[in-house]
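The values are calculated or read from the model by the stated rules, or taken from the named source; none is laboratory data. Just so you know, these numbers come straight off a predicted model, no measurement behind them. Methodologically, a virtual Cβ is constructed for each residue, glycine included, from the backbone with ideal geometry; neighbour enumeration extends over all protein chains shown.
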């Protein structure tokens, strides 16, 4: 799952289709698909590249089994003989004997904008699943090695947001600056990749690509695990292609009906609720800078303000208030990271300049870096530059995230709507809310694309499993309930803990139920609830 607060929230839905009819979605035989090509698989890494796989975070033996390939798909599925997009794919062949193999299990990491190819850099799932399935993933169109792109100046939009003095009372000049930078970003993306590409980057086209991938893999039915935004891909696949659906797991369900600005309000509530769960745990551990749950947001804002005045540094990066809040938000995704987060915040509260070791640990946990992974604050790269700022990489990834979100939803074009929403959420959730709204503002100026189908129910699909985590900050549990109600054949599995997505992370109750469903098509009992690990 993507570890970017911006990413996993207003995450996705469907768009860029030739159909607008809710409840009248086409089937696999509607004639808009194209004949799939072949995938020429070859080793992803050669011997010298395998020697460079880091042992601290990678597994050279696993990496040696990975096969990569490409599949050409139509840019416009209504014009299959026209321009094409080369999709990057990765496969990890099944470990088990041939007679025990079921087929392929396609995995989508979410985002939108996350690389599926990169997801398979690390071992996934347990031995039984890896024995029965070829694990397959891909970079969706416009992402990573499938035509990924960067555009516009995300820093300028960041600067405009940070220049707002009182998020609950955004002035007209501040709104003008926000509007100007958002419009410039949208225009730059058109200039970079063209309006036609941006109009065909949405989830409807990704779903049609997915069916061509299924055909190229030789599977009669799709077996699929979608995390976060990937749940919308899977849900829409079931509606468009019920006859070629075998088993779909939708973990961390996204909302499928409303505008991005409205989704941001839900997300802000989700982050706040998960923050309160974290603080409650923090208070029980004894090393905690907060006096009580009800006061913790104001106390966290005060700590962030102190860092603004004199930010400490880690890995060559200044940790001011907004940077700390971004790192905190990302750590809320993982329950097992909470004790370390509590220790870091307590150390910063005592003495920001004396918390270097804790900040380094938080940075490493947040961005996945280790002591030997590049230069430290006092080192330089070979070209004389300092260490990379991982947030710059995330800003590059914002292009796909923004493009897909804007293509997928029918968003308001009046900036006043965004101002009202941002001010409302700033008052209710000052830690996490306003940025979640303002990051949707480019959609007000985005190229026109066809509206996403809404209200689809996948009435002819076989049983589908939705997983919801009660304390999910990025995709609130209510979204899992809503998607389960929306899909006629869906059942809900609930994890009573916290974090963003849960399957495959070693939670026994969830993993056992989902493994049985994937392997034997054994549908979990309706209402299955798994206790917090």
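In table form, for the structure just shown:
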item: Set 450, 394: member being at pLDDT below 95 and farther than 23 Å from residue 155 by Cβ; result: 450
item: When residues of the range 335-344 are limited to those that are out of contact with any strand residue (DSSP E or B) (no Cβ under 9 Å at 6 or more places or on another chain) and closer than 22 Å to residue 269 by Cα, the one surrounded by the fewest Cβ atoms within 10 Å (Cβ to Cβ); result: 336
item: Meets criteria (assigned to a helix (DSSP H, G or I), under 30 Å from residue 477 (Cβ atoms) and modelled with pLDDT of 95 or more) for residue 279; result: yes
item: Filtered residue count, the range 465-496, keeping only those that are in contact with a helix residue (DSSP H, G or I) (Cβ under 6 Å, 6 or more places away or on another chain) and under 18 Å from residue 334 (Cβ atoms); result: 6
item: Sole exception among (1) modelled with pLDDT under 70; (2) touching a strand residue (DSSP E or B) at 6+ places or on another chain (Cβ under 6 Å); (3) closer than 28 Å to residue 251 by Cα for residue 14, by number; result: (2)
item: Any hit, the range 103-112, residues being at pLDDT below 95, part of a loop (DSSP other than H, G, I, E, B), in contact with a helix residue (DSSP H, G or I) (Cβ under 7 Å, 6 or more places away or on another chain) and surrounded by fewer than 17 Cβ atoms within 10 Å (Cβ to Cβ); result: no
item: Among the residues listed as 516, 480, the single one being modelled with pLDDT of 95 or more, within 22 Å of residue 223 (Cβ to Cβ) and more than 19 Å from the chain's Cα centre (by Cα); result: 516
item: Residues that are closer than 18 Å to residue 159 by Cβ and either under 18 Å from the mean Cα position of the chain (by Cα) or surrounded by 22 or more Cβ atoms within 10 Å (Cβ to Cβ) (or both), drawn from the range 325-334; result: 326
item: Test: residue in the range 468-488 that is without any contact (Cβ under 8 Å) to a residue 40 or more places away in the chain and in a loop (DSSP other than H, G, I, E, B); result: yes
item: Residue check for residue 253: assigned to a loop (DSSP other than H, G, I, E, B), crowded, with 20+ Cβ neighbours inside 10 Å and touching a helix residue (DSSP H, G or I) at 6+ places or on another chain (Cβ under 7 Å); result: yes
item: So residue 448, is it surrounded by fewer than 18 Cβ atoms within 10 Å (Cβ to Cβ), within 28 Å of residue 131 (Cα to Cα), out of contact with any helix residue (DSSP H, G or I) (no Cβ under 7 Å at 6 or more places or on another chain) and touching a residue at least 40 places away in the same chain (Cβ under 8 Å); result: no
item: Some residue of the range 519-528 being surrounded by fewer than 21 Cβ atoms within 10 Å (Cβ to Cβ) and farther than 30 Å from residue 96 by Cβ; result: yes
item: Of the criteria (1) modelled with pLDDT of 95 or more; (2) out of contact with any strand residue (DSSP E or B) (no Cβ under 7 Å at 6 or more places or on another chain); (3) surrounded by fewer than 19 Cβ atoms within 10 Å (Cβ to Cβ), which one residue 221 fails; result: (2)
item: Residue count for the range 234-250, restricted to those that are in contact with a strand residue (DSSP E or B) (Cβ under 7 Å, 6 or more places away or on another chain) and in a helix (DSSP H, G or I); result: 5
item: Exclusive hit being modelled with pLDDT of 95 or more and surrounded by fewer than 18 Cβ atoms within 10 Å (Cβ to Cβ), set 176, 159; result: 176
item: Filter result for the condition that a residue is touching a residue at least 24 places away in the same chain (Cβ under 8 Å), surrounded by 17 or more Cβ atoms within 10 Å (Cβ to Cβ) and assigned to a strand (DSSP E or B), over 117, 90, 129; result: 90
item: Any hit, the range 153-170, residues being in contact with a helix residue (DSSP H, G or I) (Cβ under 6 Å, 6 or more places away or on another chain), under 18 Å from residue 69 (Cβ atoms) and assigned to a loop (DSSP other than H, G, I, E, B); result: no
item: Members of the range 310-335 that are assigned to a helix (DSSP H, G or I) and in contact (Cβ under 8 Å) with a residue 24 or more places away in the chain; result: 322, 323, 324, 325, 326, 327, 328, 329, 330, 331, 335
item: Residue check, residue 495 buried (at least 24 other Cβ atoms within 10 Å of the Cβ), over 24 Å from residue 107 (Cβ atoms) and at pLDDT 95 or above; result: no
item: Hits in the range 196-218 (condition: surrounded by fewer than 24 Cβ atoms within 10 Å (Cβ to Cβ) and not in a helix (DSSP H, G or I)); result: 199, 218
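Here's the yes/no breakdown for (1) farther than 30 Å from residue 441 by Cβ; (2) more than 29 Å from the chain's Cα centre (by Cα); (3) in contact (Cβ under 8 Å) with a residue 40 or more places away in the chain:
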| site | (1), (2), (3) |
| --- | --- |
| 267 | no, no, yes |
| 272 | no, no, yes |
| 284 | yes, yes, no |
| 289 | yes, yes, yes |
| 308 | no, no, no |
